[in-house]
Amino acid sequence: MAQIRIENVRKDFGSFNAVKSSSFTIEDGEFFMLLGPSGCGKTTTLRMMAGLELPTSGEIYIDGQEVGQKPASQRDIAFVFQMFALYPHMNVRKNISYPLYSQGMAKADVTRKVSEVAEILGITEILDRPVGGLSGGDRQRVALGRAIVRDPKAFFMDEPLGALDAEFREHMSAELRALHDRMGATTVYVTHDQLEAMQMGDKIVVMNHGVVEQFGIPQQIYDWPATKFVAEFIGSPPMNFLEFNGTVGKGAETIELGDASFAIPRQLDGVSGALTLGVRPEHAHLNDASAYRGEVVAAEYLGTTQIVTLRTEHGRVKARIPSHVKVREGERTGLDFDARTLTLFDATSGRALRSDANQEVLNHG
Amino acid sequence: MSFSATEPSIRTKWFAGLLVIGYAIVTLIPLLWIIATGFKSPADSIAYPPVVVFEPTLEGYVNLFTDRTRATEQMLDDAGPPTTWYEQIARDRGTVISGPSRYGERFLNSVIIGFGSTALCMILGTMAAYAFSRFKVPLKDDLLFFILSTRMMPPIAVAIPIFLMFRNLGLNDTHLGMILLYTAVNLSLSVWLLKGFIDEIPVEYEEAALIDGYTRFQAFYKVVLPQAATGIASTAIFCLIFAWNEYAFAVLLTSGNAQTAPPFIPTIIGVSGKDWPAVAAGATIFLVPVMVFTILLRKHLLRGITFGAVRK
């Protein structure tokens, strides 16, 4: 098992720049998520770590060894493909044992190893079946079996649950996480599903347009997004943005939004111009006493909570409130925000402004 | 255009079936006629009106494989009574067998050259097709077009330059020369066909093999080739059929040493009158290898082994 370090890695395909100078470190034994929308460079980054693409520049260290320009076969890692890529001309047993034969392992050891792995994954009874007729879940297990059978330095997974039905996905993601905890192996997992990333990951890297937007543990990223992109990409519904022009002095603890004034975490830098106030839906509350007014446009019932959409003079705001609160469309009401959870963004650069609350998260990312 | 999703009626099925059977009979008649002629006597073979029911004889086959001379009384006396069935057949026609004909040798040449060029064509073709399919080859599209363009005229149009080239290289009337020639003609077809088949194989299989610790070349022959088996089999059949049946270059470039069966078969006719049964027998035997090859590879043609292993 190993630490993986990416330093200033860049990848160009012809004139197209897929990954721009990414750097981050994946600690030994971590379940690490590469998260981003399609085309953001997350899969390319993973493939560079695996050796399926060679970086245009930069270094990749696996277990302290620089492997950036080495082929995949020399990196001692395992890869689970989205489409599983089981060898169609071999049965389950041969598929799982295939990586062992390349190492020249003795036949008896291979048989023992394969049955061990099959035991772990619960696929002993299908070992002699061809892979063609297997269900999605079984194929997934066989693909995992092929990955874990050789005790690699790291597992790389490219949206391994993407090809499964929604129902089965839930089950498989729990199985995967349990398997990871059992093996304690460094795992790098690519997904575009923010829920999956937060559910399963020890750490998350959020990428967009080939750039690492933020890097950290799920809750830090959710609570203190470094950019407007991260704030919007993570969370459902996403963070609300209230756009306004104003000035925030160094050390300011309130901002003026129209006639209302809101308390915010103490700001560390003074800025003026186009700004954005970011509020998570669960941190917005209906409060008739508040000076900040909005008109209810819609309410979506979600069981224990409801999402109420309000129109304010700075844009629409979605609030997640208990479902027993009665709201009517067209009603005008006051709006309150949890002071200690707010993030201010520079609207032009999209970057979060540093405050007492988020400086720790932003500094280390 | 719309397609009906309902099952065709019984009458439609019968009609379609009869149509197919009728077409098959029409196309098979010349073949059956050749096979039948091989077992006719010379007289039956040129009888008019043609005979359909006849007494079969192996005379054509005996004549195909032997050289014979017209027997004088003296020779018959010297030879003594016939000891084998084929000598008996020759004697009945007033001839004695003077030795084996060259058909066996010519047939063997056809086998060497036909299968040799097919094998070479498959080796070069799969590797070239794989490279075109998977790697960034400079000027890829132009190269592929150039390769195809070699088939835009009948190959025989370049017979004279090839003849001169072969003469200078000492390849005239050699097995190697004919293998190279047929390979050159077939290669464009095989590269194009095989590239199509290899394009269909998801690249993840090779990547999985690379990750599993195999080299690029091992991934190619352990993972890609087995899955391209269908494509390789059908391409090989096309290549073999061309090389096997090729006549014009064989006439031009081969004579004593490397002559193949197609230019030899017509020469059988001239030895002693119009020996159609021997010609038909030669043609019948000549059909067998291609038929066997096709039947052997048929299961590869029909089997879609990649089905279901990758979800798309």
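Please treat every number below as a calculation from the coordinates, not as lab data. In this text the structure is predicted, and so the values were computed from the model without any measurement. Glycine gets a Cβ as well: all are built from the backbone with ideal geometry, and neighbour counts include every protein chain shown.
The convex hull built on the alpha-carbon positions of region B:43-195 has an orientation-averaged projected area of 15.8 nm². Taking a ≥ b ≥ c as the square roots of the eigenvalues of the Cα gyration tensor, region B:230-299 is oblate, since a/c reaches 1.5 or more and a/b is not larger than b/c.
Here the residues B:TYR205, A:TYR87, B:TYR23, B:TYR86, ranked from fewest to most Cβ neighbours within 10 Å of their Cβ, fall in the order B:TYR23, B:TYR86, A:TYR87, B:TYR205. Here B:LYS274 is the anchor, and the aspartates and glutamates within straight C-alpha reach of less than 17 Å, apart from those fewer than 8 places off in the same chain, are B:ASP44, B:GLU59, B:ASP67.
Radius of gyration over Kirkwood radius for region B:104-267, both on Cα atoms: the Rg/Rh ratio is 1.05. With R₀ fixed at 22 Å, the C-beta to C-beta distance from A:GLU282 to A:GLU331 puts the FRET efficiency at about 0.60. Calculated FRET efficiency, B:ALA24 to B:THR294, Cβ-Cβ distance, R0 = 22 Å: about 0.85 to the nearest 0.05. The ellipsoid equivalent to the alpha-carbon distribution of region A:231-364 has semi-axes of 26, 16, 12 angstrom, derived from the gyration tensor eigenvalues as √(5λ) and listed largest first. Positive end of the dipole of region A:4-223 (Cβ unit charges, origin at the Cα centre): among A:GLY104, A:GLY133, A:VAL117, the Cα lying farthest that way belongs to A:GLY104. For region A:4-223, lysine pairs with C-alpha atoms less than 27 angstrom apart, excluding pairs fewer than eight positions apart on the same chain, total 21. Ranked from largest, the principal axis spans of the Cα set of the protein assembly as shown equal 136, 64, 54 Å.
Mean sequence separation of contacting Cα pairs (under 8 Å, at least six apart), scaled by the length of chain A, corresponds to a relative contact order of 16 percent. Among the DSSP helices (H) of chain B, those spanning at least 20 angstrom by Cα along their long axis with an average Kyte-Doolittle hydropathy of 1.0 or more are B:10-37, B:175-200, B:229-245, B:276-302; this is a geometric and hydropathy rule only. Normalised by the number of residues in region B:3-132, the mean separation of alpha-carbon contacts (under 8 Å, six or more apart) gives a relative contact order of 18 percent.
As a rough footprinting exposure proxy, the listed residues A:LYS326, B:LYS140 were ranked by other beta carbons within 10 Å of their own, and the order from fewest upward is A:LYS326, B:LYS140. Excluding same-chain neighbours fewer than eight residues apart, the lysines reachable from A:LYS250 by a Cα-Cα span under 24 Å are A:LYS228. Any lysines with Cα under 18 Å of the A:LYS326 Cα? List them, leaving off those in the same chain fewer than 8 positions away. List returned: A:LYS318. Dividing the helix sum by the residues of chain A, where each DSSP H run of 4 or more adds -39500 (n - 2.57), gives a mean residue ellipticity at 222 nm of -7500 deg cm²/dmol.
For A:MET49, B:MET122, the sequence from fewest to most other C-beta atoms within 10 Å is B:MET122, A:MET49.
What angle, in degrees between 0 and 90 and rounded to the nearest 10, separates the Cα long axis of helix A:136-148 from the longest principal axis of the Cα atoms of chain A? Taking Cα atoms only, the helix is inclined about 70 degrees.
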